[in-house]
Amino acid sequence: MTLDTTEVLTITESALEPGVPLGALAGRIAGVAESRNLIVIVSASRGEQAAMDRRAAGLGLSGDAFTRANLVTLPARENAQRLSGLLTMIGVESSLLEPAVFTPITRGSPLESEPRLLHAKRYEQAVREARVLVLAGGVGRTPDGHLTSLGSGGATLSGLFVAQRLGLPLTLVIGGNSGAGEDTLPKRALLFARRHGVEYRTVTQDEITQTHEPEMTGV
């Protein structure tokens, strides 16, 4: 297995609307993994993220920016762990990617950082060992290993960045009422896609395993 047969699949915030359990998504991902390797980037739901944002804000002066970044990225990291476990339970060869090793190296504020560097060789090795790699979305790290947050809509930005740096096709999984195309992207993700000419397709949860190819979007 190599990166040549791999696709990036990003589970965005809107795809985790109330009533959409990770178990259902795991089953659909398993169907896709029968035909190709996947790097699955998973977000927190909007509700999960809002609750953790409030908790981080409540730290006040007792927490520095890195402590807050660790908190606000926790829901996505927990969802990645759950999804990887669910895939393993249903017989999919999967591996949970350690954020301190595989997330993009960032710069700027720990709470709204900018992805700058990705270690492609680590992904090349990992994809040889498992059919599905699972990574927490919206999470970055400093060069010395402190976790950072890519901010609002960070999972989408993660997907765009990983796909662009590894030269892989990208699918964004969105909520059923989210529409399609550029309007679904958060502002920073849209700017990145335009700046780097990243192409992607959008599907809803129910369309993940469909064989048709939705129209690619990119600028």
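The values are calculated or read from the model by the stated rules, or taken from the named source; none is laboratory data. Please read these numbers as outputs of a predicted model, since none were measured by experiment. Cβ: placed from backbone, ideal geometry, glycine included. Neighbour counts: every protein chain shown.
Just one of (1) buried (at least 19 other Cβ atoms within 10 Å of the Cβ); (2) modelled with pLDDT under 95 fails for residue 100. It is (1). Filtered by the rule that a residue be in a helix (DSSP H, G or I), surrounded by fewer than 20 Cβ atoms within 10 Å (Cβ to Cβ) and among the charged types (D, E, K, R), segment 1-57 gives 4, 28, 46, 48, 53, 54, 55.
On the stretch given as segment 195-217, residues that are farther than 20 Å from residue 175 by Cβ, at pLDDT 65 or above and not basic (Lys, Arg) total 4. When you scan segment 79-100, do you find a residue that is β-branched (Val, Ile, Thr), under 17 Å from residue 157 (Cα atoms) and touching a residue at least 40 places away in the same chain (Cβ under 8 Å), even just one? Scanning segment 79-100, I find no residue that is β-branched (Val, Ile, Thr), under 17 Å from residue 157 (Cα atoms) and touching a residue at least 40 places away in the same chain (Cβ under 8 Å), so the answer is no.
Residues of segment 31-45 that are farther than 16 Å from residue 86 by Cβ and at pLDDT 95 or above: 39 alone.
Looking at segment 99-136 only, could you name the residues that are under 20 Å from residue 66 (Cβ atoms), among the aliphatic types (A, V, I, L, M) and assigned to a loop (DSSP other than H, G, I, E, B)? Hit for segment 99-136 is 111, nothing else. Of the residues making up segment 47-63, not a single one is more than 26 Å from residue 121 (Cβ to Cβ), touching a residue at least 40 places away in the same chain (Cβ under 8 Å) and not charged (D, E, K, R). Just to be sure, is residue 82 out of contact with any Phe, Trp or Tyr (no Cβ under 9 Å at 6 or more places or on another chain), among the basic types (Lys, Arg), part of a helix (DSSP H, G or I) and surrounded by fewer than 18 Cβ atoms within 10 Å (Cβ to Cβ)? So residue 82 fits the description; yes. Summed over segment 140-170, the residues that are surrounded by fewer than 24 Cβ atoms within 10 Å (Cβ to Cβ), closer than 21 Å to residue 120 by Cβ and among the polar types (S, T, N, Q) give a count of 2.
Filtering 92, 101, 72 for residues that are within 14 Å of residue 150 (Cβ to Cβ) and hydrophobic (A, V, I, L, M, F, W, C) leaves a single hit, 72.
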